[in-house]
Amino acid sequence: MRKGDITRKFIIQKSAELFNQYGYAGCSMNDIMLATGLQKGGIYRYFKSKDELAAEAFDYAFDIVSKRFSDAMLQADTALEKIGSLFDVYEDVVNNPPVKGGCPLLNTAVDSDDTNPVLRNKALFVFHKFLSEIEKVIEEAIQNKELNRNIDSKTVASFIVASFEGSIMISKLEKDNMYIASSKQQVLSYLLML
């Protein structure tokens, strides 16, 4: 990898942490300069704007989370274990989230909802992708007779994603991982009832 590619990746990594912790509006170019040790010109050499950097930083952050989800799900045997494994990726969200600051989807969706259409669209795309992956797991559970064939996989997937993201938010707010753990148990209990 060339030095320029290494520098560009370093800027994205540091910016991903900052944007995920402080939000787009709460993170200035000065913050990025301090975190990277680069001057503004050194950053703008690789990115046309803060918007472009934020978009790439979001992609980078969500790639980390996606890899962690994939790795966790590969270790699971049943569809229900796969759903539980998603919560396990964030079991210590307060102290050790996959990306510093928590969930990039949750943080970006809230931060950009009315202020940044580019980031909002990226968050919306990732949400649909995440929802679709959960739907596939639910469909797998139906095919394997883990769940009733009459359930609506889209509705169940939506419930799981809402419970998952909500429990991350509350755990971060309360600084208590209990909420992610209890949501996992409630979601799995709900699925077993189906």
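If the viscosity is 0.890 mPa s and the temperature 25 °C, what translational diffusion coefficient in µm²/s does Stokes-Einstein give for segment 49-193 when Rh comes from Kirkwood over Cα pairs?
Rounded to a whole number, D works out at 156 µm²/s.
To the nearest 20 debye, what charge dipole does the chain have about its Cα centre, counting +1 at the Cβ of each Lys and Arg and -1 at the Cβ of each Asp and Glu?
Rounded to the nearest 20 debye, it is 780 debye.
What value, in deg cm²/dmol to 500, does the helix sum -39500 (n - 2.57) over DSSP H runs of n ≥ 4 give at 222 nm once divided by the residues of the chain?
After summing the helix terms and dividing by the residues of the chain, the value is -25000 deg cm²/dmol.
Any chance you could list P(r) for segment 1-124, counting all Cα-Cα pairs in 10 angstrom bins from zero, rounded to whole %?
13, 40, 31, 13, 3, 0
Sort 128-138, 34-44 by the packing proxy (mean of other Cβ within 10 Å over each peptide's residues), most packed first.
Working: 128-138: 17.7, 34-44: 13.5.
In descending order of packing, they fall as 128-138, 34-44.
For the pair TYR22/LEU74, report the inter-label distance in nm, with labels modelled 7 Å from Cα in the Cβ direction.
With each label point 7 Å from Cα toward Cβ, the separation is 3.5 nm.
Under 11 Å from the 7 Å Cα→Cβ point of GLU81, by amide nitrogen: which residues of segment 153-194?
Nothing falls inside the zone, counting backbone N under 11 Å.
Quick note: the coordinates plus some simple rules give every number you see, no bench work behind them. Values in this document were obtained by computation on a predicted structure and should not be read as measured data. Note: ideal-geometry Cβ built from the backbone for every residue, glycine included; neighbour counts use all protein chains shown.
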